[in-house]
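Novice: Attaching a single structure in structure tokens format; questions to follow.
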Amino acid sequence: MTQIFKSNQFPFWMLALTVVTALILPVVLQEGMFMDGVLYACVSNNLAQGFGSMWFLKFSELGFANFATFHEHPPLIFWIQGLFFKLFGSSMYVERFYTFGTALIATWLLHKNWKLINYKDTALSKNAWLAVVFWMLIPIVFWSYRNNVQENTMTIFVLLSSFFALKAIHLKKKVILNLVLSGIMVFAASFAKGVPGFFPLVIVPAFWLVYRPFSFIKMIAYSFVVTAACVISYLLILLIPEARESLSIYVFERLLRRVDVQPTVDSHFYIMIRLFMEVLPLIVIVVVVHFILWLKKIPRKITKTHWRVIGFFFILGICGSLPVMLTLVQKTFYIGSSLPYFAICFAMMVAPLFSERSAKIDVSKKGFKFFKWTTVIGFIAVIVFSITQSGKVSRNEEVLADVHTLGEIVPHHSLMSVDPMLTDHWDLHVYLMRYYNISMDHRTEVHQPYLLVDKTLPFEIDSAYHIVDVPTVKYDLYHLENSEQSD
């Protein structure tokens, strides 16, 4: 530990960890989260509580998207997050620390990929912190880790796949074993998020295209090993009858149908425009650094080896982003698992300068010591500030206030009738399920003991219902006269 503290890289890593923590932790500790993230936490928590099964997950008593069970995505992430709920309980902080934990693991794996690709350049290999900072400065990256989206976990498997592949084809260590492990990680990435998880299959061909370290025939053979490992993993899963039925619903009833009839954008090029906007901060940094070097007439030492690294990771990033263009179902965070590769790509455009100068740092100088202690104090300050944010609300404040009020009256693990106009009020639905396991019932022919309506929407209320006097903000709660209430 003492050696790490004395290292000339220590303050730079403290800076990187401070950036990661500052952009995620203060928000993630507050209540309120993007609807999808709460939805995934609901399903995972339900699994931990025995509501639903491994292959037939459950969101609410009345199902999800016209299915009794939940088939929006493959189940792997729900299994993993469900295990966290099983071990640590149902507190809202479980999904918070889960998503922050995936950011820390991805940070470490990004560092491992950087170190591996640059293993021949000792000075450069120590500057992975720069890639971490670049990655975290991409707006959709820190947004994703605040909101528990599935790409967070998928990114771990994607980075593991490239790490094992590079160990095989770049380090040439235990080639077949590492290629098999890379293929298994491709399986895990796709079993976490579906089709987007298959893009690491291009790692071997992309490496061959840029480096040409072995013959074309060997590239085909290596690619076959990676693909075969992934395919065999799926074949083993499909031997389980429940798995076949569950995945069949996911592929044929949800994935293909949604691509067909539920577009989210008007143009196939939307994701490319968004990608450019997301990496624009990195482009600006690179341009500014090189402009300053040009003004000061400092040599910009980017060699052919550096350009190969840049080209390789740019190809990986593009291969992880372009497939999203194939459909009109596009959201910016869908490309999250490709962004670490763009971060490495752009960081390599300025890293040689940092690596040359950091190697000459005198750790005994007062300036360096001041920088080191500043980063340590900054990191501690971020942690303290983050803790002070616990208990605050980052979004959906009025909805959350009403949900907690309702949770004190409506029995937990029950159905509650709602105005059908509230069908699309997903924030309300997911929070009710996440905190109190209260399922919203939109069926007009069924009268549950409690009824919820929007204060601002016209709704004809059955005379058997009487309003409950509670201090809600957005919704009115009614109780069915003479209905039995049970906890």
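Novice: Please work out which one of (1) basic (Lys, Arg); (2) loosely packed, with under 14 Cβ neighbours inside 10 Å; (3) more than 30 Å from Leu15 (Cα to Cα) is the condition Lys392 fails and give its number.
Specialist: (3)
Novice: How about the stretch 278-322: which of its residues are open to solvent by 50 Å² or more (accessible area, probe 1.4 Å), of a type in the set (Val, Ile, Thr) and in a loop (DSSP other than H, G, I, E, B)?
Specialist: If the condition is that a residue be open to solvent by 50 Å² or more (accessible area, probe 1.4 Å), of a type in the set (Val, Ile, Thr) and in a loop (DSSP other than H, G, I, E, B), then Thr303 is the only one that fits.
Novice: Scan (1) open to solvent by 30 Å² or more (accessible area, probe 1.4 Å); (2) in contact (Cβ under 8 Å) with a residue 12 or more places away in the chain; (3) in a loop (DSSP other than H, G, I, E, B) for the single condition Gln330 breaks and write down its number.
Specialist: For Gln330, the failing item is (1).
Novice: Could you list, in sequence order, all residues of the stretch 212-251 that are farther than 21 Å from Leu181 by Cα, under 25 Å from the mean Cα position of the chain (by Cα) and among the β-branched types (Val, Ile, Thr)?
Specialist: Passing the criteria: Ile249, Val251.
Novice: Select the helices (runs of 4 or more DSSP H) contained entirely in the stretch 114-229, then report the ones holding at least 2 residues which are open to solvent by 10 Å² or more (accessible area, probe 1.4 Å) and in contact with a Ser or Thr (Cβ under 8 Å, 6 or more places away or on another chain).
Specialist: In the stretch 114-229, 139-146, 151-169, 175-193 are the helices (runs of 4 or more DSSP H) which contain 2 or more residues that are open to solvent by 10 Å² or more (accessible area, probe 1.4 Å) and in contact with a Ser or Thr (Cβ under 8 Å, 6 or more places away or on another chain).
Novice: Would you be able to tell me the number of residues in the stretch 409-439 that are in a loop (DSSP other than H, G, I, E, B), within 13 Å of Val43 (Cα to Cα) and of a type in the set (Ser, Thr, Tyr)?
Specialist: The total comes to 0.
Novice: Between a residue in the stretch 51-67 that is assigned to a strand (DSSP E or B) and any residue that is open to solvent by 50 Å² or more (accessible area, probe 1.4 Å), which pairs come within a Cβ distance under 8 Å, given they are 6 or more apart or on different chains?
Specialist: Phe67/Glu253
Novice: For Lys372, indicate whether it is over 30 Å from Met272 (Cα atoms), surrounded by 14 or more Cβ atoms within 10 Å (Cβ to Cβ) and of a type in the set (Lys, Arg).
Specialist: Considered against the rule, which asks whether it is over 30 Å from Met272 (Cα atoms), surrounded by 14 or more Cβ atoms within 10 Å (Cβ to Cβ) and of a type in the set (Lys, Arg), Lys372 comes out as yes.
Novice: Can you find even one residue in the stretch 234-253 that is part of a helix (DSSP H, G or I), open to solvent by 30 Å² or more (accessible area, probe 1.4 Å), of a type in the set (A, V, I, L, M, F, W, C) and under 28 Å from Phe342 (Cα atoms)?
Specialist: Within the stretch 234-253 (the criterion being part of a helix (DSSP H, G or I), open to solvent by 30 Å² or more (accessible area, probe 1.4 Å), of a type in the set (A, V, I, L, M, F, W, C) and under 28 Å from Phe342 (Cα atoms)), the answer is no, since none of the residues qualifies.
Novice: Another question, then. Within the set of pairs 6+ apart or on separate chains, which have a first residue in the stretch 462-475 that is over 17 Å from Leu422 (Cα atoms) and assigned to a strand (DSSP E or B), a second that is open to solvent by less than 90 Å² (accessible area, probe 1.4 Å) and not hydroxyl-bearing (Ser, Thr, Tyr), and C-beta atoms under 7 Å apart?
Specialist: That search, which allows pairs on different chains as well, returns Tyr465/Leu451; Tyr465/His479; Tyr465/Leu480; His466/His479; Ile467/Asp476.
The values are calculated or read from the model by the stated rules, or taken from the named source; none is laboratory data. What you are looking at is a predicted structure, and each value in this text was computed from that prediction instead of being measured. Note that we place each Cβ from the backbone using ideal geometry, even for glycine, and neighbour counts take in every protein chain shown. All accessible areas refer to the heavy atoms of the entire protein, side chains included, with ligands and DNA or RNA removed. Shrake-Rupley method; radii C 1.70, N 1.55, O 1.52, S 1.80 Å.
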